[in-house]
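The values are calculated or read from the model by the stated rules, or taken from the named source; none is laboratory data. Computed from a prediction, not measured in an experiment: that's the story for all the values here. Quick reminder, even Gly has a Cβ in these numbers, built from the backbone with ideal geometry, and neighbours come from all protein chains shown.
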Amino acid sequence: MRRLISSALCFTAIGLATAPAFAEQPVLERQWLTDGFTNPEGVAAAPDGSYFISNVAGWAAEADGEGWISVMSADGALLTEKWAEGLDAPKGMVVHDGILYVADITIVRRYDIKTREALPPLPAPGAKFLNDMTVWHGHVLVSDSQGASIYTLTDQGFKIWAQDEDRLGGINGLLGDGDRLLVSTMSTGSLLEVDKDKNWTKIASGMVDADGIGIVPGGYLV
């Protein structure tokens, strides 16, 4: 299928109270159109400046082995269509210490970026629908949309860091930003921030199916 890759995979611009207001309304502009993806979901920057793209391919919650990871250049060229294959429904990804972490339904897959070796996957006990990933304070985090949870990677594997059905129902996007973690939720359409002591603040609400979070000058795009 043909898939649009834009300069930002987002729809709603939000200026934060702690950041200067937007000088003008941000506008999404198409940068390129690239073939070779099937239900692309997540993007992660590689150390060499290229991008990893996750392809769900099949159903978003089905362990069917049809998913894969592609690599795209910074100018939109498809470098490697299937850099890694045999995943189920890969979604959010993050790169940390030379390892690509990929959220894949109930487990997090890992790949050595230099060798492309698949490392043993890590389960997230009790997870139902792992979605977005980020690194915050040196820790790998992953959201569980159906479990209203955030998992963190410890020496003993993934453990629940936060779980709250009312606040985190339909949790999706995660973004580590200095001392705060930004969180978006689909159920309430909210953008939240939380510090390491788990003090929560609602930044914005009223969005429809709030998804990934990206940084732009003067605020964030969700």
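Could you grab the pairs with beta carbons closer than 9 Å, sequence gap of 6+ or different chains, first residue in the range 182-208 and in contact (Cβ under 8 Å) with a residue 24 or more places away in the chain and closer than 19 Å to Leu130 by Cα, second one surrounded by fewer than 12 Cβ atoms within 10 Å (Cβ to Cβ) and hydrophobic (A, V, I, L, M, F, W, C)?
Met186/Val208
Would it be correct to say that Ile107 is assigned by TED's automatic domain parsing to the domain that holds Val71 and touching a Gly at 6+ places or on another chain (Cβ under 6 Å)?
Against the criterion (assigned by TED's automatic domain parsing to the domain that holds Val71 and touching a Gly at 6+ places or on another chain (Cβ under 6 Å)), Ile107 does not qualify.
Mind checking which residues of the range 189-222 are surrounded by fewer than 20 Cβ atoms within 10 Å (Cβ to Cβ) and among the hydroxyl-bearing types (Ser, Thr, Tyr)?
Thr201, Ser205, listed by residue number.
Given the structure, is Val56 surrounded by 15 or more Cβ atoms within 10 Å (Cβ to Cβ), touching a strand residue (DSSP E or B) at 6+ places or on another chain (Cβ under 6 Å) and either at pLDDT below 95 or more than 22 Å from Gly176 (Cβ to Cβ) (or both)?
yes
Does any residue of the range 79-90 turn out to be more than 26 Å from Pro121 (Cβ to Cβ) and either among the basic types (Lys, Arg) or at pLDDT below 85 (or both)?
In the first step, residues of the range 79-90 are kept if they are more than 26 Å from Pro121 (Cβ to Cβ); the result is none.
Looking for residues that are more than 26 Å from Pro121 (Cβ to Cβ) and either among the basic types (Lys, Arg) or at pLDDT below 85 (or both), one finds none in the range 79-90, hence no.
Out of the range 175-222, which residues are of a type in the set (Lys, Arg) and either over 24 Å from Met93 (Cβ atoms) or outside the structural domain of Leu28 (by TED's automatic domain parsing) (or both)?
Here is the first cut: in the range 175-222, the ones of a type in the set (Lys, Arg) are 180, 196, 198, 202.
Within the range 175-222, Lys198, Lys202 meet the criteria.
Give me the residue from the range 192-209 that is modelled with pLDDT of 95 or more and not in a loop (DSSP other than H, G, I, E, B) and, out of that set, nearest to Gln146 (Cα to Cα).
In this case the residue turns out to be Leu192.
Just one of Asp75, Asp64 is modelled with pLDDT under 95 and either more than 25 Å from Gly169 (Cβ to Cβ) or of a type in the set (A, V, I, L, M, F, W, C) (or both); which is it?
After applying the criteria, what remains is Asp75.
Could you list, in sequence order, the residues of the range 143-154 that are surrounded by fewer than 17 Cβ atoms within 10 Å (Cβ to Cβ) and either touching a helix residue (DSSP H, G or I) at 6+ places or on another chain (Cβ under 9 Å) or under 14 Å from Phe129 (Cα atoms) (or both)?
Of everything in the range 143-154, just one residue is surrounded by fewer than 17 Cβ atoms within 10 Å (Cβ to Cβ) and either touching a helix residue (DSSP H, G or I) at 6+ places or on another chain (Cβ under 9 Å) or under 14 Å from Phe129 (Cα atoms) (or both), namely Gln146.
If you go through the range 8-48, how many residues are over 27 Å from Gly98 (Cβ atoms), assigned to a loop (DSSP other than H, G, I, E, B) and modelled with pLDDT under 50?
Counting residues in the range 8-48 that are over 27 Å from Gly98 (Cβ atoms), assigned to a loop (DSSP other than H, G, I, E, B) and modelled with pLDDT under 50 gives 9.
Out of Gly126, Gly157, Gly170, Gly65, which single residue is surrounded by fewer than 16 Cβ atoms within 10 Å (Cβ to Cβ), in contact with a strand residue (DSSP E or B) (Cβ under 7 Å, 6 or more places away or on another chain) and more than 23 Å from Thr38 (Cβ to Cβ)?
That would be Gly157, the only listed residue that is surrounded by fewer than 16 Cβ atoms within 10 Å (Cβ to Cβ), in contact with a strand residue (DSSP E or B) (Cβ under 7 Å, 6 or more places away or on another chain) and more than 23 Å from Thr38 (Cβ to Cβ).
Taking the options Ile150, Ile213, name whichever one is among the β-branched types (Val, Ile, Thr), at pLDDT 95 or above and on the phi < 0 side of the Ramachandran plot.
Going through Ile150, Ile213 in turn, the sole match is Ile150.
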